[in-house]
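S.K.: Have a look at this one.
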Amino acid sequence: MQTIVFAGAGSMAEAMIQGWVKEGIVAPQSIYVMNKTNKKKLDELAQQFGVQVVVNSRDILTRADCVILAMKPKDIAKAMVDIAPLLGQQTIVLSVVAGVSIDSIQSVLGKRPVARVMPNTSATIGMSASGIAFSDEMTNDMKVTFKTLLEAIGIVFEVKEEELHAITALSGSGPAYLYYLVEAFEAAAVKHGLEQSTVRALAIQTIAGAAEMLKQSDAEPQELRRRVTSPGGTTAAGINALENHHFKETIAACIDEATKRSRELANDQC
Ligand SMILES: NC(=O)C1=CN([C@@H]2O[C@H](COP(=O)(O)OP(=O)(O)OC[C@H]3O[C@@H](n4cnc5c(N)ncnc54)[C@H](OP(=O)(O)O)[C@@H]3O)[C@@H](O)[C@H]2O)C=CC1
Ligand SMILES: O=C(O)[C@@H]1CCC=N1
């Protein structure tokens, strides 16, 4: 693709741009960025990655191969009304906006090919876990192109659009849960006399090591857990505390509530 425009250049756009430019999958000269007011952010992205700042949106949007909607859900309605008359007939739309349906995008931007993606900010380091759903207008070639773009910044699963709600709750928001877990590990372990920097390094390596074990081993998570847990030992005591504090119910509530919120955002846009 020669011209890709990010309409909304914040954290998620930055993560995708960084992944694509670092992997050499998209030339920075092909990427254009625009915001509503935050010009400073656009200049930073241009400086850091060599992308182009949109000066004349009419000119760029008319010839864009792909426009990526990457503003907050509260801003998308107004943004789409503004860009609708400027899009070229050939322009494909990719949206990363949580909870906003293909139907509502097409109702404003026309019945053009639309892909909805739920990536996460680990795209920055090529480690996104993304879901993608396509409108009926997408050709197989276009699907392959988009999947290739997403694979350059991590893994991607093609799913039914309805399934993106749960994917948003799990892997879109997921990095935040794990950062929160590290915060909680730190707060708990420093109380036992360890240096915060030591706790941080140990927590990060423990999470990274366990993730890698899950990836590399054929064993189920439950079996890997069993191998750590000696009868009557420390892990059993820790797991027991998690069970007494309703860990599984807490995680279930987290995914339920985030999925529900994604559905609410979708209904707000209707
Ligand atoms: N952050 C994450 O982890 C993830 C985010 N997402 C989705 O990505 C989207 C963006 O999130 P995030 O990057 O965190 O948000 P940010 O607030 O960091 O960035 C959003 C950007 O959109 C710009 N913007 C607002 N209105 C318009 C407009 N009318 N035209 C052009 N640009 C506009 C804002 O610019 P200005 O300041 O000038 O208004 C801002 O730079 C959200 O919809 C979210 O659901 C999806 C997966 C993960
Ligand atoms: O919190 C949000 O709404 C976005 C969607 C997934 C991650 N961040």
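Throughout, read-outs are computed from the coordinates displayed, never taken from laboratory work. Just so you know, these numbers come straight off a predicted model, no measurement behind them. Note that we place each Cβ from the backbone using ideal geometry, even for glycine, and neighbour counts take in every protein chain shown.
S.K.: Any idea how many residues of the stretch 142-186 are closer than 24 Å to residue 25 by Cα and aromatic (Phe, Trp, Tyr)?
M.R.: Counting residues in the stretch 142-186 that are closer than 24 Å to residue 25 by Cα and aromatic (Phe, Trp, Tyr) gives 2.
Yes or no, residue by residue, for (1) free of Cβ contacts under 8 Å to residues at least 60 places away in the same chain; (2) more than 12 Å from ligand 1 (Cβ to nearest atom); (3) hydroxyl-bearing (Ser, Thr, Tyr); (4) over 19 Å from residue 77 (Cβ atoms):
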residue: 90; (1), (2), (3), (4): yes, yes, no, yes
residue: 102; (1), (2), (3), (4): yes, yes, no, no
residue: 119; (1), (2), (3), (4): no, no, no, yes
residue: 158; (1), (2), (3), (4): yes, yes, no, yes
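S.K.: Would you please name the residue that is farthest from ligand 1 (Cβ to nearest atom), looking only at residues in the stretch 5-41 that are surrounded by 24 or more Cβ atoms within 10 Å (Cβ to Cβ) and of a type in the set (Val, Ile, Thr)?
M.R.: Looking at residues that are surrounded by 24 or more Cβ atoms within 10 Å (Cβ to Cβ) and of a type in the set (Val, Ile, Thr), I get 31.
S.K.: Do the conditions hold for residue 139, that is, is it within 18 Å of the chain's Cα centre (by Cα), under 28 Å from residue 24 (Cβ atoms) and polar (S, T, N, Q)?
M.R.: No.
S.K.: Please specify each residue of the stretch 160-184 satisfying the condition of being of a type in the set (Phe, Trp, Tyr) and either away from ligand 2 (no atom under 13 Å from the Cβ) or free of Cβ contacts under 8 Å to residues at least 40 places away in the same chain (or both).
M.R.: Within the stretch 160-184, 179, 180 meet the criteria.
S.K.: So, in the stretch 42-64, exactly how many residues are surrounded by fewer than 16 Cβ atoms within 10 Å (Cβ to Cβ) and in contact (Cβ under 8 Å) with a residue 40 or more places away in the chain?
M.R.: 1
S.K.: Hey, another quick one. Looking at 68, 76, 83 in this structure, which one is touching a residue at least 60 places away in the same chain (Cβ under 8 Å), within 12 Å of ligand 1 (Cβ to nearest atom), among the aliphatic types (A, V, I, L, M) and over 30 Å from residue 179 (Cβ atoms)?
M.R.: The match here is 83.
S.K.: Determine which member of the set 170, 214, 164, 265 is within 30 Å of residue 115 (Cβ to Cβ), in contact with a helix residue (DSSP H, G or I) (Cβ under 8 Å, 6 or more places away or on another chain) and exposed (fewer than 14 other Cβ atoms within 10 Å of the Cβ).
M.R.: 214
S.K.: Quick one: which of 187, 258, 252, 241 is more than 30 Å from residue 98 (Cα to Cα) and either within 16 Å of ligand 2 (Cβ to nearest atom) or surrounded by 11 or more Cβ atoms within 10 Å (Cβ to Cβ) (or both)?
M.R.: 187
S.K.: Let me ask something else. When both residues are 6+ apart or on different chains and their Cβ atoms are under 9 Å apart, which pairs have a first residue that lies in the stretch 1-18 and is more than 19 Å from residue 120 (Cβ to Cβ), and a second that is in a helix (DSSP H, G or I) and of a type in the set (S, T, N, Q)?
M.R.: Going by the 9 Å Cβ cut-off, the qualifying pairs are 1/30; 1/145; 2/30; 3/30; 4/30; 5/57; 7/57.
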